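Worksheet: one structure, shown below.
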Amino acid sequence: MARTELLAAGEVQPGEHWTGTWFGMTVNLDTIVATLVAAVIVCGLGLYTARRAVAGRPSVLQIAFEALVGWVQGQSEQLMGSRTPRGVVGLAVSLFAFILACNWLAVLPTEHVLPPPTADVNLTYPLMLLVVVWVNVAGIRAQGLRGHVVAIVRKGPFEIISQFFGRPASLALRLWGNIFAGGLMVGVIGLLPVYVLWLPTAAWKLFDLFIGGLQAVIFALLTLIYFGEAVETAEEH
């Protein structure tokens, strides 16, 4: 039976979580709930926009989604051209929208109860694994298993270590570190007197919006770059 623990006298501090047990494993319930909330927001907005999409007078949401898709398509065209693997554009768009929704949960007043799930490595690591596995599958499809392995080996030992350990860790930890640091700053700002608390809080929330968007862009762009390297031919290497 799952047992929920509310830590820190009713507030979840940075690095602490509501936890429960499931089949003998400890799970961070707040991360799971926040992830589902972000997923529902993205899917809901996507379905709403798709149902109301028009050619003549597009809504703000339609313009935003079309701009996002256009940006991703443009980046993939520059990096991969006609070699862009099927589904990569959709993956990058989905990653950007989902990570943005996760990050922007930090600006809600419920942050102490439901922190952004990207402030937990238990979400950023699976996102990284999704990208790494899909990238190597795309490389094998483009060059064959032997060609993909040869292309990796040709890069040398340091590049191999970077590709399979350094880059994946950086992809996950960069996202986690920036969002987690934002939670720490909110805790520090909360120590200020109440009569001046609103000003730094409002300023930091605006900065959270900027950092959250920037990290979503970086994650999506690096995903496209990794796919571009994976589908390069032996001659291009």
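The values are calculated or read from the model by the stated rules, or taken from the named source; none is laboratory data. For clarity, every value in this text was computed on a predicted model and none was experimentally measured. Don't worry about glycine lacking a Cβ; one is built from the backbone with ideal geometry, like all the others, and counts go over all protein chains shown. For the accessible areas, the whole protein counts, side chains as well, though only heavy atoms, and no ligand, DNA or RNA atoms are used. Shrake-Rupley method; radii C 1.70, N 1.55, O 1.52, S 1.80 Å.
Miscellaneous remarks
- Of all residues in the stretch 132-161 being among the basic types (Lys, Arg) and over 15 Å from Gly87 (Cα atoms), the one that is least open to solvent (accessible area, probe 1.4 Å): Lys155
- Scope the stretch 104-131; condition open to solvent by 20 Å² or more (accessible area, probe 1.4 Å), hydroxyl-bearing (Ser, Thr, Tyr) and part of a helix (DSSP H, G or I); matching residues: Tyr125
- Flag for Ala169 being open to solvent by less than 60 Å² (accessible area, probe 1.4 Å), among the aliphatic types (A, V, I, L, M) and at pLDDT below 95: yes
Conditions (1) buried (at least 17 other Cβ atoms within 10 Å of the Cβ); (2) of a type in the set (Asp, Glu); (3) touching a Gly at 6+ places or on another chain (Cβ under 7 Å); (4) not in a helix (DSSP H, G or I), marked per residue:
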residue	(1), (2), (3), (4)
Ala34	yes, no, no, no
Gly46	no, no, no, no
Glu66	no, yes, no, no
Val69	no, no, no, no
Met80	yes, no, yes, no
Gly90	no, no, no, no
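- Residue within the stretch 95-103 that is open to solvent by 40 Å² or more (accessible area, probe 1.4 Å), in a helix (DSSP H, G or I) and among the small types (Gly, Ala, Ser) present: no
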